[in-house]
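For reference, the structure discussed in these notes is given below.
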Amino acid sequence: MLRCPKFELATPTSVAAATRLLADAGPSAMILAGGTDVMPNLKHELFTPALVVSLARIPELNGIRRAEDGSLVIGAMTTIEAVAANSQVRERATVLAQAASLIAGPQLRTMGTLGGNVLLETRCQWYNQSYFWRQALGFCIKKDGTKCHVVEGGAKCVAAASNDSAPALMTLDAELHFESVEGRRSVRIEEFWLGDGVFNKKINAGEILVEITLPSTPSGHRSAYGKLRERGSIDFPLLGVAARLDLGKDERVERADLVITALAARPHRVQRAGEILRGTQVGSEDFVTRVGELARLAHKQCHPLENIPGDAPWRKAMVAVYARRTLLAAAAGTGPVHHL
Amino acid sequence: MAARDNHGNTPPWGANFGVIGKPLRKVDGIAKATGAAIYTDDIQLPGMLHAKTLRSPHAHARVRSVDASAALALEGVHAVITGADMPIKYGVIPWTQDENALAVDRVRFIGDPVAAVAAVDEDTANAALKLIAVDYEVLHAFLDPFESLVRHEPAIHADRKEGNISKHVRLEFGEVDALAKSADVVLEDEYSFHGSTHAPIEPHCAVATFSADGLLTLWSATQITHYVHRALAQVLELPAQKIRVIQPCLGGAFGGKSDPFSLEFCVSKLAMVTGRPVKMLYTREEVFYAHRGRHPMFMKYRTAAQANGRITSVDAKILIDGGSYSSFGLVTTYYAGQLLTGPYDFPSYRFDSTRVFTNKPPCGPKRGHGSVQPRFAFEVQLDQLAERLKLDPIELRRVNFQGSQTRTVNGQRVTSNGFLECLDSVERASGWKKKRAKLPFGRGLGVAGSMYISGTNYPVYPNKMPQAGVQLKLDRSGVVTVFTGGNDIGQGSNSMCAYIVAEELGVPVEHVRVVAADTDLCPVDLGAYSSRVTFMVGNATIDACRKVRRQIVAAVAKKWAVDPGRVRLMPGVAIDLEDPAKALSTAEAFQLAEEEFDTLGATGSYNTPTLGGDYRGGSIGASPAYSFTAHVVEASVDTETGRIQVHDVWCAHDCGRALNPMLVAGQIEGSVYMGIAEALLEEHKVNRFGLHQGPSLLDYRLPTSVDTPELHALIVESLDPEGPYGAKEAGEGPLHSSIPALSNAIFDAVGIRMKHLPFTPGRVLELLREKDALEESKSAGAAARGQA
Ligand SMILES: Cc1cc2nc3c(=O)[nH]c(=O)nc-3n(C[C@H](O)[C@H](O)[C@H](O)COP(=O)(O)OP(=O)(O)OC[C@H]3O[C@@H](n4cnc5c(N)ncnc54)[C@H](O)[C@@H]3O)c2cc1C
Ligand code: SF4
């Protein structure tokens, strides 16, 4: 078995105590939620923190509730399984429940948390490897090296955002709330991402993600998630597609949104989705034609790279198929779109 | 073959079995299910050190020097060894020994072992590895087997006469070209098989102690204790009498634990140097480097036939990517040709196979060693032939059936052969006649057939001693202990021994203890490979049992003053067939025999008869009995995503006699799972840097339960005249034809031929596009003609 490097483990029981610990330790400290991303990364020596602060004993970070303004508040430490199974999430934020239900496999879903998923490290086949392997390769920009093996001669890391929750949360206009010794900070998820594979999130050292809020969705809200992967379980997305349709009178589209992930460092919002679908009536021929048009547009806008394992040309070809199928599933109130 | 080796397929007292043929649980089932079973890594010894291996980061390099002084100076480090400590080469095949436990002057793939450290714990050993300085001179790396075929400098093995060619075999039987010329149809095509690996759940692990009086004991997760014993003696320059090798409970092997491995020598040497017990457990990544998995093959086949479907000529040319070492490669190169000559009869056959070295993890035997790849190519070609001749693919196979008690074109003797029953069985069970070529576009059925060996008469080192030996010890309490050199690797060989002893000696299975795979305690068996164990160890066990059985029956008969023919041993009791009221417990019967004949025990053994064609290599692939298999696969293709879904696989397998039908079904299901897995998902791939693409169980995609089709195991029993109670193999044969049957099902579903593995969705889409383009141009052509 790969060994885990040695570190000190702190298990604070309140957010205040945790932020204090982080502030004192400085940027070398690491936060541990479910550990399903952190532990393999530690074993691969991608991080060598002196202190690891576990959030597992902080009860206030766990749970899903409905706020007075109708929004859903999900504690960062809520497990993926709990998110997938929650009836309010399933009804009002279907796309998130569907995405959560397809994350990793059953064991990992009961360990992994929504907060950890939002803050998942970007992934790359040249990076998520053991120290020995990366050394034999000669390392890469993201860690210990100077070259990129995906884009030859490239100066920028294009490791892929691989968290299934991210595109779903983007279509839901989620807001992320952080605590640190400086106080509370909130940011719309749309503005949270950076286009840099080395580190793709605007989070400051010492900040803890405490909760994620989802503004209430209108009654005509429909959404679905599509996930392309090789196996029917365990695998990270080769492509993740979140689709949202808010329907008004006569089931006409009032708002449409399509966000695709596992392409590059940040999830990609397909431009002009709303413009193309707005006003069309779900189920009509026109709707189906426009969905096809939007899917082709998505295909044009998305450029899967050889960053994550898998056949990139096939992933590219699948953008159109999964975009269309996921939009149709959202319209029909079905989904998730998955090969099993 | 001596009389002892052939016991007929029913015991002299009739086929009214009490144990054989019953779906009993495995003898180690409870221990495994409860976690009580002791695997190699469970062994903890006082003062035990932990060892780790330093591996080459270069695909091909000369090792100029290794400086371990800084590592040795680290607190907690007890020893560091390098190639200089064990310069003698080894290799499982005596003629091609080209491996060193640690690199002597050359590293040949990324992951090749260079040095080993023993330290107080794993972390210290790992830290020490980073302190070892190795000076490498990097050499040109061969990653493409076609390059190795023509370029020989720098030779991967400098002492080889033929440059980077590992082995070349060309054999020809009958009038291959003349018959092709006179045939009604000739098909020629190219096929390729990618690499795949075994991925057993238990990684390789070894523990060694070296006692003050010079006895080396090695516990190792090996599937061949005997060869490890011999290799240790050779490399460590110890007399074999000073070495004991034990295989504890094992967590899967599939051929991946057949060679002697670096870690076995390293822990032994480190134990000798430090005087402490030493353990090494490979990481999953290291298991991928140890590899010995399925060889990638590039294959050309030309099959000629008459209009009625009868095959007249088969011509094969195969390039085999061997990776960096020989391993079993000599055998692989032969098997790639030798094992194709059934279940069909054809009057002429030629194969020309070449195995080359490349700078990649060494390939070796994986379930269906050497013959899964050619079988894939050939069975797809047969489907193409059926298409060309407009014959039902099952019918085409029936037409060419070779029959039983026959000889193949390459001179192999075939005894029992249940292939027709296998075909009937899958045809019926799958609803073939109603479904094949009749399902809507996108869904289809495919068939394929195959054969495999039940061991061969080729021991890897030439000798005339038995290939399997068994010893029995009978206790007054009624317990029988059976000592066997056979390696239970999860296939159930220990259970098989217990069932036979229970059947023969009339004891309940739970009163049989099996002591296995311990070179000090057990007679030699050549190990768990080539699907030989049930056949050979089974026969040896019957042989031993018959000897003591005679004594027990004689003693009981004497006591009752009846003819020995009237004494019947049933589980737990001996009865008089004509007066069932007369009964003795097994223990009483044993005691009577012990009074009469002294301490009870017996040995038994098995050797194959003289087999094989009368030509060089003619005994490689010559088996005392062949198993036969037919598969039908039902699959569908999503023509938009290219994704293949396998719904059902029916596999009928002729295993001679199912000694335990539940275990046979388990082997069939496991084989089919593995075959479909490598067809669709698994790929052991080395990238452009010579690095394994994803040496982890996340990136090497084994199907999960939700990815696994419905598996239907159909057992066919042909009762072989020479197998134990008629049994043949069941562990490897049922993998073979699953892969071509899937390819053929895809053709039935959407009309494309998958000739290159793996069948990825990208490749499916590409072929679908090609097919559409072809059809369009055809219809455009037809339209143009119509207008003209
Ligand atoms: C085999 C395997 C398959 C997987 N498949 C998928 C998949 O299909 N889809 C997918 O999206 N993910 C997948 N994952 C990744 C992972 O399991 C999930 O993303 C999971 O939700 C991560 O949550 P966690 O609680 O375990 O995070 P952790 O591993 O504990 O943390 C992840 C990151 O977030 C930081 N972090 C966590 N919580 C907080 C917080 N509250 N505040 C600040 N920082 C925080 C950590 O420091 C770390 O950098 C897979 C993982 C494995 C091992
Ligand atoms: S994209 Fe991959 S290879 Fe390139 S720098 Fe990022 S992690 Fe490294």
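Here are the numbers:
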| quantity | calculated |
| --- | --- |
| Cα point-scatterer Debye curve for chain B, base-10 log of I(q)/I(0) at q = 0.06, 0.10, 0.11 Å⁻¹ | -0.39, -1.04, -1.22 |
| Span-like helix ranges in chain B, DSSP H, alpha carbon extent 27 angstrom or more, Kyte mean at least -0.5 | B:533-560, B:661-680 |
| Interchain or long-range residues, amide H under 5 Å from B:S166's placed H | B:R355, B:V356, B:F357 |
| Tensor-based shape of chain A (alpha-carbon gyration tensor, a/c under 1.5 rounded, otherwise prolate or oblate) | oblate |
| Whole-Å semi-axes of the range A:1-55's equivalent ellipsoid (Cα gyration tensor) | 21, 12, 8 |
| Chain B - percent relative contact order, Cα under 8 Å, separation 6 or more | 16 |
| Mean separation of Cα contacts under 8 Å (6+ apart) over length of the range A:221-332, as relative contact order % | 29 |
| Solvent-accessible area per residue, Å², over chain B with all protein chains present [probe radius 1.4 Å] | 34 |
| Filtered GluC sites (Glu not before Pro), the range B:686-771: DSSP coil and at most 12 other beta carbons within 10 Å | none |
| About the Cα centre, charge dipole magnitude for the protein assembly as shown (Lys/Arg +1, Asp/Glu -1 at Cβ), debye | 1180 |
| Selection from A:G310, B:A221, B:V117, by position along the positive dipole direction of the protein assembly as shown (Cβ) | A:G310 |
| Among A:162-173, B:155-166, the order from most to least packed when residues are scored by Cβ within 10 Å on average | A:162-173, B:155-166 |
| Under the Debye formula (equal points on every Cα, no solvent term), log10 I(q)/I(0) of the range A:221-332 at q = 0.18 Å⁻¹ | -0.80 |
| Interface burial for A against B (accessible surface, 1.4 Å probe, total of both chains, Å², rounded to 100) | 3100 |
| Positive-pole candidate from A:N163, A:I203, A:T146, dipole of the range A:55-211, charges at beta carbon | A:T146 |
| Within chain A, helix-based [θ] at 222 nm, where runs of 4 or more DSSP H residues each add -39,500 (n - 2.57), nearest 500 | -8500 deg cm²/dmol |
| Selected from B:T408, B:Y289, B:W432, residue furthest toward positive end of dipole (the protein assembly as shown; charges at beta carbon) | B:W432 |
| Shape of the range B:126-216, Cα gyration tensor, a/c cut at 1.5 | prolate |
| Within the range A:1-102: Cβ-based charge dipole about Cα centre, in debye rounded to nearest 20 (Lys, Arg +1; Asp, Glu -1) | 180 |
| Compactness of the protein assembly as shown, expressed as Rg and Dmax over alpha-carbon positions, Å | 32.1, 102 |
| Karplus (6.51, -1.76, 1.60) ³J(HN,Hα), θ = phi - 60°, over the range B:275-286, in Hz, Gly and Pro reported as x | x, 10, x, 9, 10, 9, 10, 6, 6, 4, 4, 5 |
| From phi via Karplus (6.51, -1.76, 1.60), per-residue ³J(HN,Hα) for the range B:398-412 in Hz, x at Gly/Pro | 5, 4, 9, 4, 7, x, 9, 6, 9, 10, 7, 4, 9, x, 8 |
| Accessible area expressed per residue, the range A:221-332, with surrounding protein chains retained (probe 1.4 Å, Å²) | 35 |
| Shielding by partners - mean other protein chain Cβ count within 10 Å, residues of A:304-312 | 2 |
| About the Cα centre, charge dipole magnitude for the range A:1-55 (Lys/Arg +1, Asp/Glu -1 at Cβ), debye | 100 |
| Mean-position separation - Cα centroids, the range B:288-334 and the range B:32-75, in angstrom | 36 |
| Computed over the range A:1-55: relative contact order in percent, which uses C-alpha pairs under 8 Å that are six or more apart | 58 |
| Average other protein chain Cβ within 10 Å of Cβ, residues A:127-136 | 6 |
| Surface/4 of the Cα convex hull for the range B:674-788, nm² | 13.3 |
| Carbon + sulfur, % of accessible area of the range B:217-328 - ligands and nucleic acids excluded, 1.4 Å | 53 |
| Inter-chain Cβ neighbour average for residues B:757-765, partner chain, 10 Å | 3 |
| Calculated from backbone phi, Karplus (6.51, -1.76, 1.60) coupling profile of the range A:65-74 in Hz, x at Gly/Pro | 9, 9, 7, 4, 7, x, 6, 9, 10, 10 |
| Helical mean residue ellipticity (222 nm; -39500 (n - 2.57) per DSSP H run of 4+; nearest 500) of chain B | -9000 deg cm²/dmol |
| Those chymotrypsin sites (Phe, Trp or Tyr not before Pro) in the range B:601-647 that DSSP places in a loop and that have at most 14 other beta carbons within 10 Å | B:Y615 |
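The values are calculated or read from the model by the stated rules, or taken from the named source; none is laboratory data. Quick caveat, the model's predicted, so the values are computed rather than measured. Cβ coordinates were reconstructed from backbone atoms using ideal geometry, including for glycine residues, and neighbour counts include every protein chain displayed. The area values use the complete protein model at the heavy-atom level, side chains included, leaving out ligands, DNA and RNA. Shrake-Rupley method; radii C 1.70, N 1.55, O 1.52, S 1.80 Å.
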